[in-house]
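Reviewing the structure listed below.
Since every read-out is calculated from the coordinates, none of them should be taken as a lab result. Here the structure is a predicted model, which is why all the values come from computation and not from measurement.
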Amino acid sequence: MGIVSQLLTLIPLACAIWVIYDVFAKQKFKTGKKVLWTVLALLFSVITAIVYFFIVKKKIFIVILCIKIC
C-alpha cells in the first residue's frame, strides 16, 4: 500500500473524529443533534466536516467577530 492510499484513508477518519470530538466536547447541542452529527460524520465524513464547518463553526466565528467589532 502506498503513501497516497494511506493518506486517502486517514483524511476521512480525521474528519469524522474532528466532527465527533467537536460536537461532544465543545458544542452545547441536545442529544438529538449530537446523534445526528455523529451518524453523519461516520457515514459521510469529509462532506459532513465541510458542512459542519460552514453551518456551526462559521456561525460561531461570525458572532465572535461581531462582538469584537461592536
Can you compute 3J(HN,Hα) from phi for each residue in the range 35-41, using the Karplus curve 6.51 cos²θ - 1.76 cosθ + 1.60 with θ = phi - 60°, rounded to whole Hz and x for Gly and Pro? 5, 4, 5, 5, 4, 4, 5
Please list 3J(HN,Hα) in residue order for the range 16-26, calculated via the Karplus relation 6.51 cos²θ - 1.76 cosθ + 1.60 where θ = phi - 60°; whole Hz, with x for glycine and proline. 5, 4, 4, 5, 5, 4, 5, 5, 7, 9, 10
